Amino acid sequence: MNIIFDLDGTISDSSSGIINSINYALNKMKYKCISFNQGRSYIGPSLKVIFSQILNTNDESLINNAITLYRERYFSIGYKENKLYKDVDKLIIYMHKQKHRLYIATNKQKEIADKILIMFNMKKYFINIYGADLNNTKSNIIKELLFDYKIDKNITIMIGDREEDIISAHNNEIRAILVKWGYATESEIINSKYDYIVNDPDGIYEIIK
């Protein structure tokens, strides 16, 4: 089976590094910093979407400046503040041993996603890691992955923690699992049209079987 994993909120808890780096950018730009609880709701979408919402603007120069400042901290310190979710590494190792084909589709840049997975000694289990640029979407990232590897959609599933992951999977005609340990809000969990939902990695074992 082809299994496509999201990264933030699915494999690792990246909240500290992301929120600290958002606030680093906001502080440098003389904007009010956000609370940790506020920050969690922003994790998942692209940086362009995140800063457009936080700054309440569509001004590309302002948004791009915020992203540059964010990356100034995140690329040197922030990514190291990631923590693996409990038992997700065991799930990935098991899936790999069972000869499932594993991929990553993330809104992070590939360069930084690589660093995070190398830090956890997990990169070797994935066939490839697909990241985003500022103008890409999760749907397009998945579309590119499916095309590059000529993947059979009937034996493919997406695993993610936000409604965007579910919508992006369905846009590409593949099924999706919503995990409840990530950053989805209660309304996302209620309204998201997932195919499956799980409370912990054990639930994914059962679905894949």
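Looking only at residues that are open to solvent by 10 Å² or more (accessible area, probe 1.4 Å) and among the hydrophobic types (A, V, I, L, M, F, W, C) in the stretch 26-35, which one is farthest from the chain's Cα centre (by Cα)?
Filtering the stretch 26-35 down to residues open to solvent by 10 Å² or more (accessible area, probe 1.4 Å) leaves 27-35.
Now restrict to residues that are among the hydrophobic types (A, V, I, L, M, F, W, C): 29, 33-34.
Numbers: Met29: 26, Cys33: 23, Ile34: 21 Å.
Across the stretch 26-35, the extreme among qualifying residues is Met29.
What number of residues in the stretch 133-157 are aliphatic (A, V, I, L, M) and either open to solvent by 80 Å² or more (accessible area, probe 1.4 Å) or assigned to a strand (DSSP E or B) (or both)?
Qualifying residue count, the stretch 133-157: 1.
Against the definition (at pLDDT below 95, surrounded by fewer than 19 Cβ atoms within 10 Å (Cβ to Cβ), among the acidic types (Asp, Glu) and closer than 22 Å to Tyr94 by Cα), how does Glu186 come out, yes or no?
So Glu186 fails the test.
Any idea how many residues of the stretch 121-131 are assigned to a loop (DSSP other than H, G, I, E, B), of a type outside the set (S, T, N, Q), open to solvent by 10 Å² or more (accessible area, probe 1.4 Å) and under 21 Å from Asn82 (Cβ atoms)?
Selection size over the stretch 121-131: 2.
Of the residues that sit in the stretch 87-103 and are charged (D, E, K, R) and crowded, with 17+ Cβ neighbours inside 10 Å, which one is nearest to Asn154 (Cα to Cα)? Break it down stepwise before answering.
So in the stretch 87-103, the residues charged (D, E, K, R) come out as 87, 89-90, 97, 99, 101.
With crowded, with 17+ Cβ neighbours inside 10 Å added as a condition, the list becomes 89, 101.
Values: Asp89: 25, Arg101: 14 Å.
Among residues in the stretch 87-103 that are charged (D, E, K, R) and crowded, with 17+ Cβ neighbours inside 10 Å, the one nearest to Asn154 (Cα to Cα) is Arg101.
Suppose the filter is closer than 21 Å to Lys86 by Cβ and basic (Lys, Arg); does Lys143 pass it?
no
Restricting attention to the stretch 40-59, report how many residues are among the β-branched types (Val, Ile, Thr), assigned to a loop (DSSP other than H, G, I, E, B) and either under 17 Å from Thr185 (Cα atoms) or touching a residue at least 24 places away in the same chain (Cβ under 8 Å) (or both).
1
If a residue must be open to solvent by less than 20 Å² (accessible area, probe 1.4 Å) and either more than 15 Å from Ile142 (Cα to Cα) or not in a loop (DSSP other than H, G, I, E, B) (or both), how many such residues does the stretch 104-118 contain?
Residues in the stretch 104-118 being open to solvent by less than 20 Å² (accessible area, probe 1.4 Å) and either more than 15 Å from Ile142 (Cα to Cα) or not in a loop (DSSP other than H, G, I, E, B) (or both): 6 in total.
Is it the case that Lys99 is among the charged types (D, E, K, R), assigned to a helix (DSSP H, G or I) and either in contact with a Pro (Cβ under 9 Å, 6 or more places away or on another chain) or farther than 21 Å from Gly17 by Cα (or both)? Explain how you work it out, then say what you get.
Working: among the charged types (D, E, K, R): yes; assigned to a helix (DSSP H, G or I): no; either in contact with a Pro (Cβ under 9 Å, 6 or more places away or on another chain) or farther than 21 Å from Gly17 by Cα (or both): yes.
No, not satisfied.
Among the candidates Asn23, Asn65, which residue alone is touching a helix residue (DSSP H, G or I) at 6+ places or on another chain (Cβ under 9 Å), surrounded by fewer than 19 Cβ atoms within 10 Å (Cβ to Cβ), part of a helix (DSSP H, G or I) and at pLDDT 95 or above?
Matching residue, one of Asn23, Asn65: Asn65.
Which one of Leu55, Leu7, Leu84 is among the aliphatic types (A, V, I, L, M), open to solvent by less than 40 Å² (accessible area, probe 1.4 Å) and in contact with a strand residue (DSSP E or B) (Cβ under 9 Å, 6 or more places away or on another chain)?
Among Leu55, Leu7, Leu84, only Leu7 is among the aliphatic types (A, V, I, L, M), open to solvent by less than 40 Å² (accessible area, probe 1.4 Å) and in contact with a strand residue (DSSP E or B) (Cβ under 9 Å, 6 or more places away or on another chain).
The values are calculated or read from the model by the stated rules, or taken from the named source; none is laboratory data. Predicted model, so just to flag it, every value in this text is computed and none were measured. For neighbour counting, all protein chains shown are included, and Cβ atoms are generated from backbone atoms with ideal geometry for every residue, glycine included. Heads up: the accessible areas ignore ligands, DNA and RNA and are worked out on the full protein's heavy atoms, side chains in. Shrake-Rupley method; radii C 1.70, N 1.55, O 1.52, S 1.80 Å.
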